[in-house]
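Enquirer: One structure coming up, written as structure tokens, with questions to follow.
Derivation of every value follows stated rules applied to the coordinates shown; laboratory data play no part. What you see is a predicted model; the values in this text were computed from it and never measured. Backbone-built Cβ (ideal geometry, glycine too); neighbour counts: all protein chains shown.
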Amino acid sequence: MASVKVTLTQIVDSSFPGVGAFEFADATGKTIVVHEKLPVAGVNKAEIGVEADLRCTTVTAMQTNILIDISRPDAMEDDQGQIHFWVNADLVNE
């Protein structure tokens, strides 16, 4: 399963299990924000600035960029309702 590297930038809900705002940059440099439960991102201790991985699916690759789908397998979307993003290949672990 692929994953995209993200950074925890805010605790959105501190009640169990906790929800954080995770950010990553798309291939154009735009900041993408995803709200997700901390355990889904593998975050055990909610510390702002901690790096994490959100699972995703690789759709296709072109040169140094990869098109990812964050809706599979964990039904995520960004704060604008988008699920597909072109990202730099170094952000994706396969």
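Enquirer: Working only within the stretch 19-49, note down all residues that are of a type in the set (Gly, Ala, Ser), surrounded by fewer than 17 Cβ atoms within 10 Å (Cβ to Cβ) and without any contact (Cβ under 8 Å) to a residue 40 or more places away in the chain. Reasoning before the result, please.
Expert: Filtering the stretch 19-49 down to residues of a type in the set (Gly, Ala, Ser) leaves 20-21, 25, 27, 29, 41-42, 46, 49.
Then keep just the ones that are surrounded by fewer than 17 Cβ atoms within 10 Å (Cβ to Cβ); that gives 25, 27, 29, 42, 46, 49.
Scanning the stretch 19-49 gives Gly29, Gly42, Ala46.
Enquirer: Do you know which of the residues in the stretch 55-79 that are closer than 14 Å to Glu94 by Cα, touching a Leu at 6+ places or on another chain (Cβ under 7 Å) and not polar (S, T, N, Q) is surrounded by the most Cβ atoms within 10 Å (Cβ to Cβ)?
Expert: Filtering first and then ranking leaves Ile70.
Enquirer: Output the residues belonging to the stretch 66-75 that are touching a residue at least 24 places away in the same chain (Cβ under 8 Å) and within 14 Å of Phe24 (Cα to Cα). Please lay out each step first, then the result.
Expert: Of the residues in the stretch 66-75, the ones touching a residue at least 24 places away in the same chain (Cβ under 8 Å) are 66, 68, 70, 73-74.
Selection gives Ile66, Ile68, Ile70.
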